[in-house]
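Have a look at the structure below, then the notes.
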Amino acid sequence: MSTSTDPRHGAVRSGAAEPPGERPARPSAATSRRQSLHRRLWGTVAGHSERPAWMEAPSRPLAIAKGIVIVTISLAVLVPMLVVVSTSFASGEQIREAGGYVLFPTDPSLEAYRTIFASPLVFRALGVSVFITVVGTLLALFVTICMAYALSRPVLGGKVMLMAIILTLFFTPGLIPMFLMVKQLGLLDSVWSLILPGVFAGFNFIVMRSFFMGIPTELTEAARIDGASDFRILRSIVLPLSKAVIAVVGLFYAVGFWNSFFNAMLYINDQSLWPIQMILRSYVIQGTSLTADQLGVQQSAPPQSIKMAVVVVALAPIVAIYPFLQKYFSKGVITGAIKG
Amino acid sequence: MTSSSEATARRRRRNSLRSRLRRDWQMLVLMIPGGLALLLFFYIPILGNVIAFQDYQPYYTIAEAPFVGFEKFVELFEDPRFLLALRNTLVYAAFQLVLFFPLPILLALVVDSMMSLRLRRAFQSIVYLPHFLSWVLVIALFQQMLGGAGLINQFLGRAGIDPVPFMTSADTFPLLIVAEIAWKDAGWGMIIFLAALAAIDQSLYESAAVDGAGRVRRAWHITLPGMRPVIVLLLILNLGSILTVGFEQFILQRDAVGADTAEVLDTYAYYTGVIGGDWSMGAAAGLAKGVVGTILILVANKVAHMLGEDGIYRGRPQ
């Protein structure tokens with residue numbers, strides 16, 4: 001592929017290394033010097049247009065239609081989250097006046113959060129969720145890294161193992177046999193039933209393995225000649241080079257564990273072991289009201305904002321790690337593996 | 001003579017196995033944790049499906065349970081609830097295939113036509129986000145927006161319009177299902193199509209434009225053929241998982257729309273097996289679903305090969 005220079009960004013980009021979703025920079029139109037004021041203002045807001053010289057500008061109706069589509073979709077994603085966050089901070093009075101939901105809290109208060117963090121039920125559920133997310137992610141990374149490294153080179157039995165893993169992408173054992181297995185292992189009503197079945201995901205393995213396979217063999221071979229063992233090579237050469245992929249796979253696992261609901265519904269009967277998603281289902285979707293007893297305090301915040309605060313507490317960690325996750329989409333770590 | 005040379009060959013082979021073991025033992029050790037996880041939570045449970053052919057009761061071990069052949073499957077197809085679940089599953093799957101499948105493709109085309117990199121990145125960040133939210137959160141958010149006391153009905157009520165039962169009406173439930181899936185995954189589904197679009201050689205467009213091809217003709221003759229293999233691949237994979245319409249999504253809305261509307265094959269297996277205690281029937285329902293899914297993938301792949309597409313794996317070399 002040809003390499004083109006983008007004068008405005010002053011960067012040389014090669015088409016082949018370009019992450020998906022971005023195409024090689026197009027040669028800029030020579031007219032940029034004669035940009036109108038309008039265009040320049042637009043440029044500072046939205047970045048420069050990358051339209052190649054040969055492509056005709058879209059007709060006005062088309063451009064407007066596209067703009068409407070883009071804005072509508074963005075709002076459809078963002079508004080529900082905004083409303084939930086706003087309502088969780090709103091005062092009871094404002095909620096009553098608005099009729100249930102608030103777009104912007106006029107008189108923000110943390111009362112709802114104080115209430116739910118004082119509630120033993122919600123607090124404990126958060127503890128369970130944090131535990132399964134942290135322990136689960138660490139364990140899953142360990143298992144996945146070991147397997148991915150072992151199968152990144154041709155080894156004894158490697159092909160059979162790889163095939164055995166690929167099959168897991170197309171089939172599931174089914175819900176009943178899984179339940180019986182977990183029961184057989186004595187994991188019912190134990191937080192480990194939320195962790196162990198999820199410590200190895202075929203998709204994450206493939207992302208990890210294709211990254212390891214991309215590490216130049218010269219590096220590992222040189223270490224081998226110097227007498228390093230496979231363990232040593234993994235620890236001192238492969239792992240330090242793989243921080244990006246470990247981060248992205250770890251984040252994937254973490255999101256999965258934090259969101260785990262299905263397993264909790266199947267395997268956990270004991271309310272005190274519920275993760276936060278179960279609380280969310282029970283108190284927001286099914287509308288069971290939190291009693292003063294479960295909250296552990298005199299309920300002072302309006303019930304609506306307490307509900308919304310529970311939603312926000314389940315939502316916030318995902319939104320908080322999202323920028324880190326997102327950094328790697330543009331690096332093509334994930335799509336590179338899908339294509340390969 | 002021949003027997004001794006065979007013996008040496010065998011010895012050499014054994015030696016090479018032993019030397020490979022000596023060389024690879026650490027790699028084999030590294031496979032143990034993952035292998036154990038696969039065994040415990042994939043392969044042994046898969047074998048556990050044998051209870052679909054047994055009259056399994058919790059006080060038996062699987063080895064002790066009496067075999068009943070295909071009796072459970074016959075029972076299954078005589079159970080009106082199962083037939084209802086099957087019918088619902090097919091309806092929801094059809095809605096998803098027709099209404100949802102094209103969305104990520106269209107979205108990818110829109111994003112690909114966005115000329116400003118900064119806007120494009122911002123838009124991508126926004127639409128990828130919902131993919132990482134749990135189904136519980138997605139349903140909770142939908143409920144806050146569209147529910148009987150939700151934001152939309154709050155506005156409608158202020159305008160003097162009666163509340164619209166978006167979340168509880170059985171008639172519009174298939175559309176609600178598609179809307180939720182679209183909200184959650186249309187953006188994320190776009191990633192793979194964007195990759196396909198980025199892989200199209202830009203000089204093709206340039207030459208076509210120079211030769212006088214307009215927007216529409218370039219889309220028809222360059223963009224579409226460039227995306228076709230990916231579209232076919234995803235279509236086949238979707239067909240294979242068509243009967244898995246989304247357990248969490250349905251079980252979460254079962255109370256709101258009623259069991260008859262929200263019953264799909266997975267929820268049937270759950271309620272019959274785990275809740276109802278008829279483990280063998282539940283397993284039979286799950287197994288029937290898996291077998292049909294596999295057949296669908298194989299057939300779709302065959303059709304793709306006959307049409308000259310690669311499908312999941314490459315067909316005969318041409």
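The values are calculated or read from the model by the stated rules, or taken from the named source; none is laboratory data. Remember, it's a predicted structure, so these values are computed and weren't measured experimentally. Quick reminder, even Gly has a Cβ in these numbers, built from the backbone with ideal geometry, and neighbours come from all protein chains shown.
Beta carbons closer than 8 Å, at least 6 apart along the sequence or on distinct chains, pair a first residue in the range B:28-51 that is in contact (Cβ under 8 Å) with a residue 24 or more places away in the chain and more than 7 Å from every other protein chain (Cβ to nearest Cβ) with a second that is among the small types (Gly, Ala, Ser) and buried (at least 18 other Cβ atoms within 10 Å of the Cβ) for B:Ile51/B:Ala65; B:Ile51/B:Ser280; B:Ile51/B:Ala283.
Can you find a residue in the range B:59-67 that is assigned to a helix (DSSP H, G or I) and not acidic (Asp, Glu)?
Filtering the range B:59-67 for residues assigned to a helix (DSSP H, G or I) gives none.
No, the conditions are met nowhere in the range B:59-67.
Kindly provide the set of residues from the range A:218-265 that are among the β-branched types (Val, Ile, Thr) and either under 18 Å from A:Ala148 (Cβ atoms) or surrounded by fewer than 19 Cβ atoms within 10 Å (Cβ to Cβ) (or both), ordered by number.
Step one: of the range A:218-265, the residues among the β-branched types (Val, Ile, Thr) are A:220, A:225, A:233, A:237-238, A:245-246, A:248-249, A:255.
Once the filter is applied, which keeps residues that are among the β-branched types (Val, Ile, Thr) and either under 18 Å from A:Ala148 (Cβ atoms) or surrounded by fewer than 19 Cβ atoms within 10 Å (Cβ to Cβ) (or both), the range A:218-265 yields A:Thr220, A:Ile225, A:Ile233, A:Ile237, A:Val238, A:Val245, A:Ile246, A:Val248, A:Val249.
The combined condition, being more than 11 Å from every other protein chain (Cβ to nearest Cβ) and more than 29 Å from the chain's Cα centre (by Cα), is not fulfilled by A:Leu138. The single condition among (1) within 11 Å of chain B (Cβ to nearest Cβ); (2) part of a helix (DSSP H, G or I) that A:Val102 does not meet is (2). Tell me, yes or no, whether the range A:120-129 has at least one residue that is at pLDDT 95 or above, within 14 Å of chain B (Cβ to nearest Cβ) and part of a helix (DSSP H, G or I). So far as the range A:120-129 goes, yes, one or more of its residues are at pLDDT 95 or above, within 14 Å of chain B (Cβ to nearest Cβ) and part of a helix (DSSP H, G or I). For the range A:144-260, the helices (runs of 4 or more DSSP H) that sit wholly inside it and include 1 or more residues that are at pLDDT below 90, more than 30 Å from A:Pro323 (Cβ to Cβ) and of a type in the set (Phe, Trp, Tyr) are A:158-170. Might you check whether a residue that is assigned to a loop (DSSP other than H, G, I, E, B) and small (Gly, Ala, Ser) occurs anywhere in the range B:173-194? Taking every residue of the range B:173-194 in turn, none turns out to be assigned to a loop (DSSP other than H, G, I, E, B) and small (Gly, Ala, Ser). When you scan the range B:204-218, how many residues do you find that are more than 8 Å from chain A (Cβ to nearest Cβ) and either assigned to a helix (DSSP H, G or I) or of a type in the set (S, T, N, Q) (or both)? Final tally of qualifying residues: 6. If we scan the range B:208-222, do we find a residue that is more than 22 Å from B:Phe77 (Cβ to Cβ) and in contact with a Lys or Arg (Cβ under 6 Å, 6 or more places away or on another chain)? Within the range B:208-222, one or more residues are more than 22 Å from B:Phe77 (Cβ to Cβ) and in contact with a Lys or Arg (Cβ under 6 Å, 6 or more places away or on another chain).
Residue pairs, Cβ under 7 Å, 6 or more apart or interchain, first in the range A:70-82 and surrounded by fewer than 16 Cβ atoms within 10 Å (Cβ to Cβ), second aromatic (Phe, Trp, Tyr). List them. Pairs found: A:Ser74/B:Phe123. Among the residues of this structure, B:Ala108 does not count as one that is more than 7 Å from chain A (Cβ to nearest Cβ) and surrounded by fewer than 22 Cβ atoms within 10 Å (Cβ to Cβ).
Every listed requirement among (1) more than 14 Å from chain A (Cβ to nearest Cβ); (2) without any contact (Cβ under 8 Å) to a residue 12 or more places away in the chain is met by B:Val91 save one, (2).
Filter the range B:113-159 down to the residues that are more than 8 Å from chain A (Cβ to nearest Cβ), assigned to a helix (DSSP H, G or I) and either crowded, with 19+ Cβ neighbours inside 10 Å or of a type in the set (Ser, Thr, Tyr) (or both) and list them by number. Result: B:Val138, B:Leu146, B:Asn153. Listed conditions (1) over 16 Å from the mean Cα position of the chain (by Cα); (2) within 12 Å of chain A (Cβ to nearest Cβ); (3) charged (D, E, K, R) are all met by B:Glu309, apart from (2). Filter the range A:69-95 down to residues that are under 11 Å from A:Gln304 (Cβ atoms) and hydroxyl-bearing (Ser, Thr, Tyr) and give me whichever is farthest from the other protein chains (Cβ to nearest Cβ). If we take residues in the range A:69-95 being under 11 Å from A:Gln304 (Cβ atoms) and hydroxyl-bearing (Ser, Thr, Tyr), then A:Ser91 is farthest from the other protein chains (Cβ to nearest Cβ). Restricting attention to the range B:16-55, the residues being exposed (fewer than 15 other Cβ atoms within 10 Å of the Cβ) and either over 30 Å from A:Ala148 (Cβ atoms) or charged (D, E, K, R) (or both) number 4. Against the test of being surrounded by fewer than 20 Cβ atoms within 10 Å (Cβ to Cβ) and closer than 13 Å to A:Arg209 by Cβ, the options A:Leu151, A:Leu167, A:Leu162 yield a single qualifying residue, A:Leu162.
Looking at B:Leu243, B:Leu287, can you tell me which residue is buried (at least 19 other Cβ atoms within 10 Å of the Cβ) and at pLDDT below 90?
Numbers: B:Leu287 fails: at pLDDT below 90.
Selected residue: B:Leu243, the only one of B:Leu243, B:Leu287 that is buried (at least 19 other Cβ atoms within 10 Å of the Cβ) and at pLDDT below 90.
For the range B:50-66, indicate whether the set of residues that are under 30 Å from the mean Cα position of the chain (by Cα), polar (S, T, N, Q) and either at pLDDT 85 or above or within 21 Å of B:Tyr270 (Cβ to Cβ) (or both) is non-empty. Yes. Note on the range B:94-112: residues that are assigned to a helix (DSSP H, G or I) and either in contact (Cβ under 8 Å) with a residue 12 or more places away in the chain or not assigned by TED's automatic domain parsing to the domain that holds B:Ile242 (or both) amount to 13. Against the conditions (1) in contact with a helix residue (DSSP H, G or I) (Cβ under 6 Å, 6 or more places away or on another chain); (2) closer than 30 Å to A:Pro52 by Cα; (3) charged (D, E, K, R), B:Glu263 satisfies every one except (2).
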